[in-house]
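Worksheet: the structure to be examined is printed underneath.
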Amino acid sequence: MKFTEEHEWLREEDGEMVVGITIHAAEQLGDVVFVELPDEGTTVSKDDEVVVIESVKAASDILAPVDGEITEVNAALTDNPAMVNDDPQGEAWFFKMTVSDPSQMDEFMDEAGYQKFIR
Amino acid sequence: MSDTSDLKQTPLYELHVELGAKMVPFAGYSMPVQYAPGVMKEHLHTRAAAGVFDVSHMGQVILSGESWDHVARSFESLVPQDVLGLADGRQRYGFFTNESGGIADDLMFARRCETLFVVVNAACKDADVVRMRTALAPDIQVSEITDRALIALQGPRAGAVIAAMDVRADAMSFMDVADLTLDGVEVWASRSGYTGEDGFEISVSEEDAEQLTRALLAHEDVAPIGLGARDSLRLEAGLCLYGHDIDAATNPVEGALTWAIQKVRRTGGDRAGGFPGADVILPALESGASRKRVGLRPEGRAPMREGVEIFDAPEGGNVIGKVTSGGFGPTTGGPVAMGYVAIEHSQTGTSLWGEVRGKRLALRVAKLPFVAANFKR
């Protein structure tokens with residue numbers, strides 16, 4: 001699993017990337033009450049706002065970690081946003097995407113690097 | 001962002017930190033926004049059992065003079081409420097008005113024997129004290145109480161918790177005030193709050209505040225609750241947050257607060273007018289206003305927060321209002337909001353649209369409160 005400075009994680013699965021937010025990010029957000037997911041098939045560029053996530057406190061955006069295409073979204077989050085707090089690095093993935101430029105992955109951190117980053 | 005060292009601390013600061021609170025700057029104080037369980041659980045706990053809130057940042061002021069009659073009549077020169085008619089041991093909601101008929105601050109005032117005990121908002125308290133010292137009769141003493149904490153215990157179990165400490169609490173109804181002895185500590189209690197639940201607001205000396213709070217928290221039904229849940233609780237209860245839902249440019253008729261202006265101060269009443277902006281507010285009470293504060297219930301799941309513009313059509317159309325408070329209501333289980341809409345769109349059930357992130361989302365004008373009040377009558 002790789003981690004970004006935007007507190008997202010990426011996990012490779014069948015040549016695509018599964019993307020979610022970290023346990024640390026979920027704790028900072030507080031109770032998540034609303035998730036708005038992108039349309040499947042959307043072409044995105046790195047840093048595009050692709051997901052809106054609202055907690056009891058505030059609205060935040062989740063950015064596309066790399067260039068690519070959204071191939072699948074986790075529709076279960078729309079009905080049960082609290083999943084993001086319950087299992088952010090597991091069940092509560094947000095979307096799957098292709099990666100157009102694998103070199104964009106080079107800057108991402110491993111688990112140890114991320115733990116150091118948030119300290 | 002101001003340096004946190006500039007922030008004032010309440011007498012309960014150390015306890016908040018010990019309890020694991022997340023402290024944030026609020027109205028010049030370092031205040032607990034939430035504890036470990038988080039806003040949602042704290043909110044639900046308050047509605048199910050009881051929560052203790054530190055509201056020591058609020059201003060506490062005592063007005064005294066030669067007689068109750070004199071104090072009350074003088075205070076009536078600043079507020080459109082019936083002060084003189086307040087019985088000993090009773091409290092009322094009110095507000096300072098300004099010359100243009102707007103609301104300068106909202107407040108609670110209580111009669112304690114011959115004196116008036118006033119609780120005002122933290123952000124306005126300095127200006128409120130100046131206002132009272134300047135405008136009240138010169139022989140009235142305006143004493144800002146800076147050596148007392150203010151603690152609220154709110155929720156359906158609050159009555160039993162307090163009555164077990166002092167049985168005299170049992171005789172108190174909503175908006176009664178009394179002196180109680182809780183855990184050996186003398187306090188000034190009112191049966192009121194800011195959550196829509198039964199409960200008490202308790203003024204206690206700063207030396208005794210922590211001991212009393214620990215005694216309350218020792219009860220299995222009682223948990224500490226932060227300002228985050230305080231906000232969602234008051235929003236569901238349809239209660240105004242000063243500076244957001246009402247302000248210096250909002251008159252009480254627009255703010256749907258006419259219930260708080262008693263007949264005796266209105267046109268035709270024995271003590272009609274005589275408060276700042278009466279020339280604006282009294283006619284508005286007769287003729288109504290062009291906009292009104294209403295409840296707003298988004299139909300989808302997306303919260304509509306403060307500042308969201310409200311339209312009269314799903315596309316095109318006109319801006320006819322604005323959200324002034326909004327978020328997720330843990331007890332309602334969905335988004336809830338309050339805001340102002342043009343009077344012709346203010347009827348309960350009216351379909352309107354809020355623009356969130358460039359999209360028009362459906363909402364309906366809703367009755368306030370969103371959660372029925374649970375006061376002890």
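The values are calculated or read from the model by the stated rules, or taken from the named source; none is laboratory data. Keep in mind that this is a model prediction, so the values were computed, not measured. Heads up, the Cβs are rebuilt from the backbone with ideal geometry, glycines too, and the neighbour counts pull from every protein chain shown. Just so you know, the surface numbers come from the protein's heavy atoms only, side chains and all, with ligands and any DNA or RNA stripped out. Shrake-Rupley method; radii C 1.70, N 1.55, O 1.52, S 1.80 Å.
Taking a cut-off of 20 Å between Cα atoms, list the lysines near B:LYS41, but don't count ones fewer than 8 places away on the same chain.
In chain and number order, the partners are A:LYS57, B:LYS22.
When Rg is the radius of gyration of the Cα atoms in the stretch B:290-377 and Rh is its Kirkwood radius, what does Rg/Rh come to?
Rg/Rh for the stretch B:290-377 comes to 0.98.
Using a cut-off of 11 Å between beta-carbons, work out the net charge of the residues near B:SER232 (Lys and Arg +1, Asp and Glu -1, B:SER232 not included).
Summing Lys/Arg as +1 and Asp/Glu as -1 gives 0.
Taking all pairs of distinct Cα atoms, average 1/r, flip it, and tell me the Kirkwood hydrodynamic radius of chain A in Å to one decimal place.
Across chain A, the inverse of the average 1/r is 14.1 Å.
Could you tell me the calculated FRET efficiency between A:ALA75 and A:ASP101, based on Cβ-Cβ distance and R0 = 30 angstrom, to the nearest 0.05?
0.60
Kirkwood hydrodynamic radius of the protein assembly as shown from all distinct Cα pairs, in Å?
About 24.7 Å, per the Kirkwood formula over Cα pairs.
Return the sequence-ordered ³J(HN,Hα) values of the stretch A:9-14 in whole Hz as given by the Karplus equation 6.51 cos²θ - 1.76 cosθ + 1.60 applied to θ = phi - 60°, using x for Gly and Pro.
10, 10, 10, 6, 8, 6
Determine ³J(HN,Hα), in whole Hz, for all residues of the stretch B:327-344 in sequence, where each value follows from phi through the Karplus function 6.51 cos²θ - 1.76 cosθ + 1.60 and θ = phi - 60°; x replaces Gly and Pro.
So the Karplus estimates, Gly and Pro as x, are x, 9, x, x, 6, 6, x, x, x, 9, 7, 10, x, 9, 10, 4, 4, 6 Hz.
Can you tell me which lysines have their Cα less than 20 Å from the Cα of A:LYS116? Leave out same-chain residues fewer than eight positions away.
A:LYS116 reaches A:LYS2.
How big a patch of accessible area, both sides summed and in Å² to the nearest 100, lies buried between B and A at a 1.4 Å probe?
Summing both chains' loss of accessible area gives about 1200 Å².
Once you order the gyration tensor axes a ≥ b ≥ c over the Cα atoms, which shape class does the stretch B:211-328 get: rounded for a/c under 1.5, otherwise prolate or oblate by comparing a/b with b/c?
oblate
Relative to the present Cα-Cα distance, how much length would full extension add between B:CYS113 and B:ASN318 at 0.36 nm per residue of separation?
68.5 nm
Enumerate the calculated ³J(HN,Hα) couplings along the stretch B:16-24 in order (Karplus 6.51 cos²θ - 1.76 cosθ + 1.60, θ = phi - 60°), each rounded to whole Hz, writing x wherever the residue is Gly or Pro.
With the stated coefficients, the stretch B:16-24 comes to 4, 4, 4, 7, x, 5, 8, 9, 9 Hz.
Counting only C-alpha contacts under 8 Å and six or more residues apart, can you give the relative contact order of chain A as a whole percent?
Once normalised by length, the contact order is 31 percent.
Roughly how many Å² is the accessible area per residue of the stretch A:2-100, as a whole number, for a 1.4 Å probe?
Each residue of the stretch A:2-100 exposes 42 Å² on average to a 1.4 Å probe.
Quick one: grab the alpha carbon gyration tensor of chain B, order the square roots of its eigenvalues as a ≥ b ≥ c, and give me rounded if a/c is under 1.5, else prolate or oblate depending on whether a/b is larger than b/c.
Oblate.
How far is it, in nm, from the label point at A:MET1 to the one at B:ALA48 when both lie 7 Å from their Cα along the line to the Cβ?
So the label points at A:MET1 and B:ALA48 sit 2.9 nm apart.
Quote the FRET efficiency, to the nearest 0.05, computed for B:THR267 versus B:GLN347 with a Förster distance R0 of 35 Å and r equal to the Cβ-Cβ distance.
Working from the Cβ atoms, E equals 0.85.
Mind giving me the nanometre distance, one decimal, between the label points for B:ASP170 and B:GLU355, set 7 Å out from Cα along Cα→Cβ?
With each label placed 7 Å out from Cα toward Cβ, I get 5.9 nm.
Counting Lys +1, Arg +1, Asp -1, Glu -1, what net charge surrounds B:ASP170 among other residues with beta carbon under 13 Å of its beta carbon?
0
Going by amide H atoms built from the backbone, whose H comes under 5 Å of the H on A:THR71, apart from near neighbours?
Under 5 Å from the amide H of A:THR71: A:GLY41, A:LYS96, A:MET97, A:THR98.
Straight-line reach only, C-alpha to C-alpha below 17 angstrom: list the aspartates and glutamates that B:LYS292 could link to, leaving out same-chain residues fewer than 8 apart.
Counting by Cα, and skipping residues close in sequence, B:LYS292 has these aspartates and glutamates nearby: B:ASP245, B:ASP247, B:GLU254, B:GLU306, B:GLU309, B:ASP312, B:GLU344.
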